[in-house]
1. Collect the residues in region 491-510 that are under 25 Å from Ala190 (Cα atoms) and either within 13 Å of the ligand (Cβ to nearest atom) or among the charged types (D, E, K, R) (or both), keeping them in residue-number order.
2. Answer with yes or no whether Glu459 is more than 16 Å from the ligand (Cβ to nearest atom), in a loop (DSSP other than H, G, I, E, B) and on the phi < 0 side of the Ramachandran plot.
3. Need pairs with beta-carbon distance below 7 Å; first residue farther than 22 Å from Glu432 by Cβ and away from the ligand (no atom under 15 Å from the Cβ) and within region 467-490, second part of a loop (DSSP other than H, G, I, E, B) and of a type in the set (Phe, Trp, Tyr); sequence gap 6+ or separate chains.
4. What number of residues in region 217-231 are surrounded by fewer than 19 Cβ atoms within 10 Å (Cβ to Cβ), more than 16 Å from Glu309 (Cβ to Cβ) and not basic (Lys, Arg)?
5. Within region 285-295, identify whether any single residue is touching a Gly at 6+ places or on another chain (Cβ under 9 Å), acidic (Asp, Glu), farther than 30 Å from Ile425 by Cα and away from the ligand (no atom under 16 Å from the Cβ), and answer yes or no.
6. Could you run through region 299-331 and say how many residues are crowded, with 21+ Cβ neighbours inside 10 Å and either within 16 Å of the ligand (Cβ to nearest atom) or among the acidic types (Asp, Glu) (or both)?
7. Within 16 Å of the ligand (Cβ to nearest atom) and either on the phi > 0 side of the Ramachandran plot or part of a loop (DSSP other than H, G, I, E, B) (or both): which single residue out of Pro388, Pro403, Pro353 fits that description?
8. What are the residues in region 471-529 that are aliphatic (A, V, I, L, M), under 18 Å from Leu131 (Cα atoms) and assigned to a strand (DSSP E or B), if any?
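Nothing in this text is a laboratory measurement; each read-out follows from the coordinates by a stated rule. As the structure is a prediction and not an experimental result, all values here were calculated from the model. Every residue, glycine among them, receives a Cβ derived from its backbone with ideal geometry; neighbour counts consider all protein chains shown.
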Amino acid sequence: MPKTNLLSVLFPETSLVEVDDEPGPAEAVDIVVDVEKRDAIVGAFKRYSWLLPEKYAMGSDEYHPITKKGSNFSTLGGIGYTVIDAIDTMQIMGLEKEYKTARNWIATKQSFDRDNNYNTFETTIRVLGGLLSAYHLSGGDSLFLKKAQDLADRMMPVFETPSGLPYSMANLGLRKAVDDPHVPYLVSTAEATTLQLEFKYLSKLTGNKKYWEKADKVMDVVRKAERPKGLAPIHMDARTGTFSPNAEIRLGSRGDSFYEYLLKQYLLTKRTEPKFREFYEETMTAIHENLVQRGLSKNHVYIAELHPERKADGTMDWKLNHKQDHLVCFLAGSLMLGATTTGATVNRPSIPPKASELTATGLRDWQLGEELLQTCLHTYETATGLSPEIAHFFHDKKKWRHPKRDWYVSGNDFPGNPSYDARYILRPETVESLFIAYRLTGDNKYRDAGWKIFQSIEEYCKIEDGGYASILNTDHVRTIKMDKMETFFLSETLKYLYLLFTDSSVIPLNKYVFNTEAHPLPVFTPPKL
Ligand code: DMJ
């Protein structure tokens, strides 16, 4: 089967901007496209995810697949949250018609001039990231860069805090930062530290150093802050630049992409900034030392949380909480990618890497990544074959009651009243890790697992006349669908599934870094600004 890059076939006049070849996982000769499965994923995107939103809700921020309606964050109109998050998936899948329609909407109707508050982090990863990828993948279509710069300029006031940590919201129309009136200066750690790839790449493209400096300053503040056990609690204070004393430590919500971007910042700028490598390595060691636990039934490894607790003498201590968010599953692929880059003794480790090509910490992280991915797949062993939002792990032998599983859903009363934890909201983290694991090993078990997940999505989340919905209870076959299709289903879940079945020349891991919303950005040498 010849290697095909759909983009250069579809857009020959603006074929992919060349990116330098970098050290990193070598292209494997045996990672070839699986045409049938790849095209089935394209079919899902095309027939069920895109055409109907185009018909009913083009340009709306969010899409509701059951009522077939769009909704916007502002009564003044949408900013194209969904379509911008999805456009690079169209480019990568080679969906010319859909791409042209989307681009035309962005060119003629899209506006950020909305007097409304938008979350700094979500807008950066989904919209700014989407525009930057679209710019690169279009071969430099200036429309996307102009939009990206317009958006970033409207958000820049968020960095004007005493410490430099960003406010959590921006009013894009008024070009003003917005603080939370109930908890002033409270910043979520992942949100503050997941802007750097996007703002730095924008500096590289525009030659304007202001984006770089503001984003990099945030990392300097976080680096200097005292971190309990070498880990990062999920909240910070934008006045002082310190971690909140009562905040939990977790790799799930509000913590996750802090850990993800440590590695990715190092890789994006061609490994020229050792401070990120050091920060990443220290932090991974802290995870191994403090959070890694094993299940009672199957001995699966999981990443627990630490919750602050006041002791009888009034001092604070940390207590393990044996819960793992679905979000944590990004870490499996991230550890494997880190092992073959920061943890490698050679520039291009084999596929799969030989033990002799990895350092001791590289080997340690590779093994944890592989094992954690198996745990994430273990959480997909439910009635629907889909993983819940949150898995609690049995840790007390007296309460342990499920010989087949290491985990359970807390407060689940199915089918009647499932807890929030029981839902599957079309999240991507496990398929993201499967994609990375497959590219780094060539082991078909990862494709098989991804295909199984895709089939479960087809069976339980697909709405027959268009779109995909989140489901309320992963552990019941008569689960109820919710009228919401998260934008990350289009930007991440289907993109990573697609890339799992393409050959490895499509967005190769040694030339691209995916932002946390799966928007690929090309690696580059830091510009002299
Ligand atoms: C996405 O918006 C990003 O992956 C983010 O980092 C975490 N949450 C969702 C997907 O689950």
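1. Selection gives Ser491, Glu492, Thr493, Leu494, Lys495, Tyr496.
2. On the way: more than 16 Å from the ligand (Cβ to nearest atom): yes; in a loop (DSSP other than H, G, I, E, B): no; on the phi < 0 side of the Ramachandran plot: yes.
So Glu459 fails the test.
3. Every condition considered, the pairs that remain are Asn473/Phe414; Asp475/Phe414; His476/Phe414.
4. 4
5. So in region 285-295, the residues touching a Gly at 6+ places or on another chain (Cβ under 9 Å) come out as 285-287, 289-290.
Filter once more, so that each one left must be acidic (Asp, Glu): 289.
The next check asks that each one be farther than 30 Å from Ile425 by Cα; those that pass are 289.
Okay, now just the ones that are also away from the ligand (no atom under 16 Å from the Cβ), so 289.
Yes, there is a match, as at least one residue in region 285-295 is touching a Gly at 6+ places or on another chain (Cβ under 9 Å), acidic (Asp, Glu), farther than 30 Å from Ile425 by Cα and away from the ligand (no atom under 16 Å from the Cβ).
6. Adding up the residues that qualify gives 10.
7. Pro388
8. Across region 471-529, the qualifying residues are Val513, Leu521.
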